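Since the structure comes first, as structure tokens, the remarks are kept for the end.
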Amino acid sequence: DLEVAGLYHDWMDPEAVVIVTGDLHAQRLVSSAFLEVHGSVTVETDCIWRDNDGCAEIMGDLRAGFVYTKYHSVRVHGRVVAPLVLGDARHVVAGRPYLFVGETDARHKAALRAVLPRGVAMIEGDPRDGDDEWCIDDVDAEALARRVAAGKPALVAPWKGRRRR
């Protein structure tokens, strides 16, 4: 097992491969490298997967308070247990259904606007013009990763959108 009291952070510099033959436990996680976990991954708060150079393979479950992916492929053989999995596309592939929200999904724009911090979401339109004109065009994964690495929460409020798929 690998237990990290604070932040688990890896990156491709020039390449990184981390193999955990048991479970991985961390308070926060930011990953852009190759990560293989033979057990489950449990992250107390925020789990950020970024960049498409690396990927992750989790043989057990992925449990976190929030999961975000940007181009990063994450294969979970068990369940994904998180109130919100957000990303540019459904890059987290799991053995069972879970709630995924695309960062540009207009159906969740009010809920996303309420939880994403300033400087992380690139807004298309002006929120003062009404909900019909406002949407998230992109989430700055680097800004989100910097927040989490600095110990700040990825979200500024709890997710109040749809819970089940």
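The values are calculated or read from the model by the stated rules, or taken from the named source; none is laboratory data. Keep in mind it's a predicted model, so treat the numbers as computed, not measured. Every residue, glycine as well, gets a Cβ built from its backbone with ideal geometry; the counts of neighbours run over all protein chains shown. These area figures cover heavy atoms from the full protein model, side chains too; ligands, DNA and RNA do not enter into them. Shrake-Rupley method; radii C 1.70, N 1.55, O 1.52, S 1.80 Å.
For ALA114 and ARG79, a Förster radius of 35 Å and the Cβ-Cβ distance give a FRET efficiency of 0.85, rounded to the nearest 0.05. Label-to-label distance, ARG107 versus ALA157, with points set 7 angstrom from Cα along the beta-carbon direction: 2.1 nm.
Ligands, DNA and RNA are left out, and with a 1.4 angstrom probe the accessible area of region 1-73 is 44 Å² per residue. Mean residue ellipticity, 222 nm, helices only, the chain: the sum of -39500 (n - 2.57) across DSSP H runs of n ≥ 4, divided by residue count and rounded to 500, is -2500 deg cm²/dmol. Rounded to the nearest Hz, the phi-derived 3J(HN,Hα) couplings of region 11-28 under the Karplus curve 6.51 cos²θ - 1.76 cosθ + 1.60 (θ = phi - 60°) are 7, 8, 8, x, 9, 9, 10, 10, 10, 10, 7, x, 9, 10, 10, 8, 6, 9, where x marks glycine and proline. The lysines whose alpha-carbon is closer than 19 Å to the alpha-carbon of LYS160, local same-chain residues fewer than 8 away aside, are LYS109. Summarising the overall dimensions of region 1-80 from its C-alpha atoms, the Rg and Dmax are 11.0, 31 angstrom. 3J(HN,Hα) along region 79-94: 9, 9, 10, 7, x, 8, 10, 10, x, 6, 7, 7, 8, 8, 9, 10 Hz, from the Karplus curve 6.51 cos²θ - 1.76 cosθ + 1.60 with θ = phi - 60°, whole Hz, x for Gly and Pro.
Proximity of backbone amide H atoms, modeled 1.01 Å from N, is registered between SER73 and ALA56 at under 5 Å, excluding neighbours fewer than 5 places apart on the same chain.
Computed extension gain for VAL17 through GLU44, at 0.36 nm per residue and net of the alpha carbon distance, reaches 7.4 nm. Remark on region 55-115: Rg and Dmax equal 11.5, 35 Å (Cα only). Shape summary of the chain, radius of gyration then Dmax from alpha carbon positions: 15.4, 52 Å. Computed about its Cα centre, the charge dipole of the chain is approximately 840 debye, with only Lys, Arg, Asp and Glu carrying charge at their Cβ. Of all the options GLU103, GLU36, GLU142, the one that moves most in a Gaussian network model of the chain with Cα springs shorter than 10 angstrom is GLU142. Charges on Cβ only, +1 for Lys and Arg, -1 for Asp and Glu, centred on the Cα centroid of the chain; of ALA56, VAL67, ALA114, which one is farthest towards the dipole's positive end? Positive-most Cα among the choices belongs to ALA114. Annotation: the antiparallel percentage among DSSP beta bridges lying fully within the chain is about 10.
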